[in-house]
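Worksheet: one structure, shown below.
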Amino acid sequence: MQTFEYRQSTSVDQAVQAGARSKRAQQYADVRFIAGGTTLVDLMKLDVERPNQVVDINGLPLAQIKTSADGGLVIGALARNSAVAHHPVVQRDYAVLSLALLSGASPQLRNMATTAGNLLQRTRCVYFRDTAHACNKREPGSGCSAIGGHNRMLAILGTSKDCIASNPSDQNVALTALEATIQVQGVKGNQSIPIQDFYLKPGSTPNSENVLEPGDLIVSVTLPPPAPDTRSHYLKLRDRAAYEFALASAAIVIKVNGGRIERARVALGGVGTVPWRSREAEQVLEGHTADVALFRRAAEAALKDAQPASENGFKVELAKRCIVQALTVSTQSA
Amino acid sequence: MRFEEFVEFIGSQEGAPPKSLDANAPPPSAIIGAGVPRIDGPLKTTGSARYAADYNFPGLVYAVPVRATIASGKIQRIDSSAAEAMPGVLLVMHHGNIMPLYRNASGGRNSESRPAFEDETVYYWGQYVAAVVAETFEQAQAAAATVKVEYEPAKFNVDPSLSDSLPPEGEPGGPRVMSNRGNTESAFASALVKVDETYITPVETHNPMEMHATVAVWDGKKYTLYESSQGVMNHQNVVSQVLGVPKENVEVISRFIGSGFGGKLFPWPHSAIAAAASRKLNRPVKLTLSRKMMFSNSGHRPRTQQRMRLGATTDGKLLSLQQNYRNHTSYGDDIRENCGEATPFLYSTANLKVTSALVRRNVGTPTPMRGPGAVPGLFALESAMDELAIKLKKDPVELRLSLDTLIDEEKNRPFSSRHLKECLQLGAEKFGWSRRTPEVGSMRKGDLILGWGVAAASWGANRGVCETEVSLRADGTARVGCGTQDIGTGSYTVIAQVITDKTGIPVDKVDVVLGSSALPPGPTSGGSTATATFLPAVIDGVNAAIKVVLTVAGNTKDSPFEGKDPNSLTMTAGRVHEKGAPAASGVSYNEILHIANLASARGDGKSGGLGADPKSHNFSTHSFGAQFVEIEWDPGIARLRVSRVVSVIDGGRIINMRMATNQVAGAIVMGVGMGLFEETIYDPRNGHPINDNFADYIVPTIADAPQIDVHFLDIPDPLLNEYGARGIGEIGLAGIAPAITAAVYHATGVRVRELPVRIEDLMKTNAVT
């Protein structure tokens, strides 16, 4: 860990101004906001992040969870993962989010980790997290050690020849299926960014993971109002029973009427370089009768562009089984 | 390390043998075997037990190692100028500037024979190449990151396949014959039923909760080392040689240890680095290993590759058993994983041969891990037995029962106490084995497929030399001192129970002092031998202390027994009385001490190793067990879980049922890790153990722990000590992994011969769905 300056912000404006002094907002940002610290502090200890200044935003009034005027839900950036997971409205109307959060990390980590921090969670690729190895995400142009290396946990969708790092979050998979929007306050004013447009696939610049610029501070995440009779589910598959990142996961938000699927949202975790929305699967599902054969076709469609690396070929089939099972559970009559 | 070598290491041939179990003697009091809660529990649960890294002293400074980022080569240059200019930095040590550290040849056992910074050669990724000492940990850490090391890399090899070509058997470097009887080749050739398969166990890394740490304090003449050690006496012996100072100038203290699993048996190089820095700076130095460092710098269970050939008659008689195994070792040390530990005597067969070979890799030096040799060896043997049972269409429990023997056919001696048959029978009953249907995939629970598997377990039993001092004190308490240590297994409590049994002093009034090399020499906590070793020395010490009390009772003016021959007196439940008279007629021992104006009565205890007892040469001593495992396989989502384990252990008399159960339950969870999760993976491009962290090297969580049912036969072994106790630290792990893979086969039809079982193994074939 390198020496850094620690400051506390007392207002959102002040935090934005502090953040705006950073030359970049992505990898190696020289100013970093800290909330729960569950990702950032680890990476600083590993020398993978080396900010000169750490701006503590825990004092900002951004922890509230409240219903919005249109009947949706606004989740403050600093709402802890455990608070969101156990919130009665989340449990009632957005079960997929509660299930996703509770499947991730450990109770201790969930008590610290925040909604916005989780949105910005970094990959668990071992080569990213060890400075002894080449990594384009960490050191652009240095090469990708994961390709041809230990990549059992890594991505099969959205990869590039420069990066196959997987996005490890569970929360973000659920938020993708829920079509959340992310409210950002920055030097140029306020923006509301659909989660679908928030993450960047690695391409040739895997060091840039999202659209945030210096000074941009996530202040909240908004969920649209729940459509009537919609059900949702999150299924996470991994080697052990708890406290492990997903090999594959699926978030489903679905409305079935008389056996026919009216609306489906499908997002995948553990297999994509970003939280992975599968419009291909949704198209197969919508307008058709819910049955296992249809679910399997949707799963095939979701994975048709998968490009496995040397060790993670099994994830293609695993993700398909995950989708089929998650759809089966979420469409079972109550 | 062969168990026999370990026994030699603990010194079993020395000293007078203790009394062995007397069949006519009255049984011990109820305290022996009782589930007494650990007496150090309150210290641990309140955070007041101090572990090595918890020691702090005025002026303490911090050492942080710099580690090699190549797997083989030479250091060309070390540039520490930036580090030396950083705030708080006091010293940068490396091979070019460190005071000499030596090898050891005069007894004791080191982990890596090469001391830190011996020369410019790098043998494995992560090897210590320098260390930075600074006023704070953070300063040392930041400075260590700036030390630039230039290397001339050399070719290296971390190939997981151990199929290297070897010189022929018997030639230098060729396979070594470990056991041989009859004619295996011709017996195998003539057998009508054969199994010929190769089994592989991966590198596993010791991950005790408490990582290694040394706090070294140099006082101008003497070193005090606060360590996390499974053997304070050995650590003192070895490190004094490494530092080149007399043994009495090193004291090693390990009051509490957050477990070791073998990884803390012998000193690792960081200990002498901290000591050398302390001497150089004349300041106390703390050096703690990170979890990452644990994967390179403090040992591992080596990878094994074992070809098993079993030949049988169609009715299940074992004609021939061959085990040809290899394990990897480092460039510095020849560490032989004794995979044939249990093979020569577990089943009856006239023709048997075991050979062992070493294959060198650029890895740190391997070291024993819980059940070294036997645990990977039994994975191969018991897997092969399961495959044989299937070929014979015989129930795997029945096959094992039919091949049971009460004679060690290797040594041609009876076992001192072998009850494998009873373990299998009781386990089958508790597990409900009779309800098993043998067809693959035939047992269901809703959408889940159940698999039931079984394996036998074995581990050696032995006893080394030990000394103790036991004081019965006038305030009604007792103190026991012994230079062994409690690595979390319960040694503190077991010793207190013995004092209670012999004196009536309650366990909470017994002060057990362990974990210092300044105490009377006690055993290393390894090989499941510590309990059997210190029990007789504690008994000898307490008997000597009682003798002092009785002598004083007869000699002291105004004593109720003044003038009595001490031999006519005895002590029962803390009361001194005349032999033949009821205990109630006597007076308490502390009253005698008060009358005589004595603070305490001290007895020095000593007991010898098992080998010193001529009777032991007529017997073979081992523990046995049977493991029954249920797995659940959900093919719809490729989910594999171990759901239920029944473990029956024949480990002699159990001294503390609670802690023994705890040991075996913990071993079962460790076995789930061995079966399904654990594997240290070396990146073939650079030799880095790439999953050197707890997100990528996964171990079971509490959610992965199956329903566990542990039973002990609790049959005393008459040979080992007067209680008939053996040891139960390791055997609980033996047999779990092969029982898991047998269960996986039963559920899925996929035979996994290379651990760990991965879900992709079960997805890619025509497994049952």
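The values are calculated or read from the model by the stated rules, or taken from the named source; none is laboratory data. Just so it is clear, the model here is predicted, and its values are computed rather than measured. Don't worry about glycine lacking a Cβ; one is built from the backbone with ideal geometry, like all the others, and counts go over all protein chains shown.
Output yes when any residue across the range A:137-154 is away from every other protein chain (no Cβ under 12 Å) and touching a Gly at 6+ places or on another chain (Cβ under 7 Å), and no when none is.
Scanning the range A:137-154, I find no residue that is away from every other protein chain (no Cβ under 12 Å) and touching a Gly at 6+ places or on another chain (Cβ under 7 Å), so the answer is no.
For the range B:477-511, name all the residues that are assigned to a helix (DSSP H, G or I) and hydrophobic (A, V, I, L, M, F, W, C).
If the condition is that a residue be assigned to a helix (DSSP H, G or I) and hydrophobic (A, V, I, L, M, F, W, C), then B:V494, B:I495, B:A496, B:V498, B:I499, B:V507 are the ones that fit.
Looking only at residues that are within 14 Å of another protein chain (Cβ to nearest Cβ) and surrounded by fewer than 24 Cβ atoms within 10 Å (Cβ to Cβ) in the range B:641-667, which one is nearest to B:I407 (Cα to Cα)?
The residue in question is B:S643.
Does A:D56 fit the bill of being within 14 Å of another protein chain (Cβ to nearest Cβ) and touching a Ser or Thr at 6+ places or on another chain (Cβ under 8 Å)?
Considered against the rule, which asks whether it is within 14 Å of another protein chain (Cβ to nearest Cβ) and touching a Ser or Thr at 6+ places or on another chain (Cβ under 8 Å), A:D56 comes out as no.
Can you confirm whether the range B:712-719 contains a residue that is surrounded by fewer than 24 Cβ atoms within 10 Å (Cβ to Cβ), among the acidic types (D, E) and at positive phi?
Yes, some residue in the range B:712-719 is surrounded by fewer than 24 Cβ atoms within 10 Å (Cβ to Cβ), among the acidic types (D, E) and at positive phi.
Listed residues A:T38, A:T131, A:T114; which is in contact with a Lys or Arg (Cβ under 7 Å, 6 or more places away or on another chain) and among the β-branched types (V, I, T)?
A:T114
Quick check on A:L247: is it crowded, with 23+ Cβ neighbours inside 10 Å, at pLDDT 95 or above, facing another protein chain (nearest Cβ under 10 Å) and at negative phi?
So A:L247 fits the description; yes.
Need at least 3 residues that are within 33 Å of the chain's Cα centre (by Cα) per element, so show me which strands (runs of 3 or more DSSP E) inside the range B:97-189 make the cut, counting only ones lying wholly within it.
Because the criterion is at least 3 residues that are within 33 Å of the chain's Cα centre (by Cα), the strands (runs of 3 or more DSSP E) in the range B:97-189 that meet it are B:128-134, B:176-181.
Mind counting the residues in the range A:1-56 that are in a loop (DSSP other than H, G, I, E, B) and either free of Cβ contacts under 8 Å to residues at least 40 places away in the same chain or not β-branched (V, I, T) (or both)?
Summing the residues that are in a loop (DSSP other than H, G, I, E, B) and either free of Cβ contacts under 8 Å to residues at least 40 places away in the same chain or not β-branched (V, I, T) (or both) in the range A:1-56 gives 25.
Restricting the search to the range B:681-698, which residues are surrounded by 19 or more Cβ atoms within 10 Å (Cβ to Cβ), more than 7 Å from chain A (Cβ to nearest Cβ) and farther than 18 Å from A:L46 by Cβ?
B:Y682, B:G687
Which one is surrounded by the most Cβ atoms within 10 Å (Cβ to Cβ), of the residues in the range A:193-244 that are among the hydroxyl-bearing types (S, T, Y) and in contact with a strand residue (DSSP E or B) (Cβ under 6 Å, 6 or more places away or on another chain)?
A:Y234
Looking for something assigned to a strand (DSSP E or B), modelled with pLDDT of 95 or more and within 30 Å of B:V217 (Cβ to Cβ) - is there at least one such residue anywhere in the range B:39-62?
Yes: the range B:39-62 contains one or more residues that are assigned to a strand (DSSP E or B), modelled with pLDDT of 95 or more and within 30 Å of B:V217 (Cβ to Cβ).
Yes/no per residue for (1) in contact (Cβ under 8 Å) with a residue 60 or more places away in the chain; (2) among the aliphatic types (A, V, I, L, M); (3) buried (at least 16 other Cβ atoms within 10 Å of the Cβ):
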residue	(1), (2), (3)
A:G259	no, no, no
A:L268	yes, yes, yes
A:P275	yes, no, yes
A:A281	no, yes, yes
A:V284	no, yes, yes
A:A290	no, yes, yes
A:L294	no, yes, yes
A:E311	yes, no, yes
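For B:I731, work out the one condition from (1) modelled with pLDDT of 95 or more; (2) within 11 Å of another protein chain (Cβ to nearest Cβ); (3) part of a loop (DSSP other than H, G, I, E, B) it doesn't fulfil.
The number of the failed condition is (2).
Would a scan of the range A:277-300 turn up a residue that is of a type in the set (G, A, S), within 30 Å of B:P706 (Cβ to Cβ) and within 13 Å of chain B (Cβ to nearest Cβ)?
Checked against the condition, which is being of a type in the set (G, A, S), within 30 Å of B:P706 (Cβ to Cβ) and within 13 Å of chain B (Cβ to nearest Cβ), the range A:277-300 yields no hits at all.
Residues in the range B:699-712: is at least one within 14 Å of another protein chain (Cβ to nearest Cβ), in contact with a Lys or Arg (Cβ under 9 Å, 6 or more places away or on another chain), assigned to a loop (DSSP other than H, G, I, E, B) and free of Cβ contacts under 8 Å to residues at least 60 places away in the same chain?
yes
What number of residues in the range B:556-566 are exposed (fewer than 15 other Cβ atoms within 10 Å of the Cβ) and within 19 Å of B:T503 (Cβ to Cβ)?
Residues flagged as exposed (fewer than 15 other Cβ atoms within 10 Å of the Cβ) and within 19 Å of B:T503 (Cβ to Cβ) within the range B:556-566 amount to 0.
With respect to A:V41, determine if the residue is away from every other protein chain (no Cβ under 14 Å) and within 28 Å of A:A132 (Cα to Cα).
no
Condition test on A:Y199, is it within 30 Å of A:L60 (Cβ to Cβ) and within 14 Å of chain B (Cβ to nearest Cβ)?
Taking the combined requirement at face value, the residue does not satisfy it.
Any idea which of B:A144, B:A140, B:A131 is surrounded by 15 or more Cβ atoms within 10 Å (Cβ to Cβ), within 30 Å of B:G96 (Cβ to Cβ), of a type in the set (G, A, S) and away from every other protein chain (no Cβ under 14 Å)?
The conditions single out B:A131.
When you go through (1) farther than 30 Å from B:G687 by Cα; (2) crowded, with 22+ Cβ neighbours inside 10 Å; (3) touching a His at 6+ places or on another chain (Cβ under 9 Å) one by one for B:M443, which number turns out not to apply?
(2)
Could you give me the residue pairs with C-beta distances under 7 Å whose first residue belongs to the range A:119-130 and is crowded, with 24+ Cβ neighbours inside 10 Å and part of a loop (DSSP other than H, G, I, E, B), whose second residue is modelled with pLDDT of 95 or more and of a type in the set (S, T, Y) wherever it lies, and which are 6+ apart or on separate chains?
Correct list of pairs: A:T123/A:S166; A:Y127/A:S145.
Can you pull out the residues in the range B:303-334 that are part of a loop (DSSP other than H, G, I, E, B) and buried (at least 20 other Cβ atoms within 10 Å of the Cβ)?
B:R303, B:S330
State all residues of the range A:310-334 that are of a type in the set (G, A, S) and either more than 13 Å from chain B (Cβ to nearest Cβ) or closer than 18 Å to A:E262 by Cα (or both); if no residue qualifies, say none.
Those that are of a type in the set (G, A, S) and either more than 13 Å from chain B (Cβ to nearest Cβ) or closer than 18 Å to A:E262 by Cα (or both): A:A326, A:S330, A:S333, A:A334.
Among (1) buried (at least 19 other Cβ atoms within 10 Å of the Cβ); (2) within 14 Å of another protein chain (Cβ to nearest Cβ); (3) over 19 Å from A:V253 (Cβ atoms), which single condition is A:T159 missing?
All conditions pass for A:T159, except number (2).
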